[in-house]
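Peer 1: Structure below; questions to follow.
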Amino acid sequence: MQKTISLIPSEITTGQLHAYLLGAVGPRPIAFASTIDEKGIPNLSPFSFFNVFSANPPILIFSPARRVRDNSTKHTLDNVLKTKEVVINIVNYELVQQMSLTSTE
């Protein structure tokens, strides 16, 4: 089992933060975007359109693109637009199977 760590960006160097951020998205970036809708119902969805933009300030991005089959939006985008909140979580090896299950409708 991997050790979980918490980082406070202001307490480490930009170089260290940069290395942690790059390590979090390589070799293939997949993130869990967690949101809550207006009724308080949580939603967790995987995103492969995800990457690091900057270490100073630390900026991670994800792209909740429209579905190809019908041009509809995912609950994640709907929730973000309404609540203005999202948490980006990194998928580690221990969560790969669970992440895969969340990609279904």
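Nothing in this text is a laboratory measurement; each read-out follows from the coordinates by a stated rule. On a predicted model such as this, the values are computed, not experimentally measured, just so you know. Here the Cβ positions follow ideal geometry from the backbone for every residue, glycine too, while neighbour counts run over all protein chains shown.
Peer 1: Can you give the extra length, in nm with one decimal, that the chain gains between residue 10 and residue 85 once fully stretched, where that is 0.36 nm per residue apart less the Cα-Cα distance?
Peer 2: Length difference between fully extended and current span is 24.8 nm.
Peer 1: So, one more: Taking the chain, how many lysine pairs are there with alpha carbons less than 26 Å apart, if each pair must be eight or more places apart or span two chains? Write down the numbers at each step before the final one.
Peer 2: Values: 39/74; 39/82; 39/84; 74/82; 74/84.
For the chain, qualifying lysine pairs total 5.
Peer 1: Then there's this: Working from Cα positions, state the angle (0 to 90°, nearest 10) between the long axis of helix 14-25 and the longest principal axis of the chain.
Peer 2: That helix lies at roughly 40 degrees to the long axis.
Peer 1: At what distance in nm do the modelled label points of residue 22 and residue 67 sit from each other, each positioned 7 Å from its Cα along Cα→Cβ?
Peer 2: 3.8 nm
Peer 1: In addition: Along its principal axes, what span do the Cα atoms of the stretch 8-94 show, with the longest given first and each in whole Å?
Peer 2: Projected onto its principal axes, the Cα set of the stretch 8-94 covers 42, 26, 25 Å.
Peer 1: Give me the number: length gained by fully extending residue 56 to residue 97, i.e. 0.36 nm times residue separation minus the C-alpha to C-alpha distance, one decimal in nm.
Peer 2: Gain in length upon complete extension: 11.5 nm.
Peer 1: Residue by residue through the stretch 75-92, what is 3J(HN,Hα) from phi via Karplus (6.51 cos²θ - 1.76 cosθ + 1.60, θ = phi - 60°)? Round to whole Hz and write x for glycine and proline.
Peer 2: So the Karplus estimates, Gly and Pro as x, are 4, 4, 5, 4, 5, 4, 5, 8, 9, 6, 9, 8, 10, 9, 10, 8, 8, 9 Hz.
Peer 1: Okay, moving on. Students often check this: by mean Cβ neighbours within 10 Å, which of 70-80, 93-103 ranks highest, and how do the rest follow?
Peer 2: Details: 70-80: 15.0, 93-103: 11.2.
The densest-packed peptide leads the list: 70-80, 93-103.
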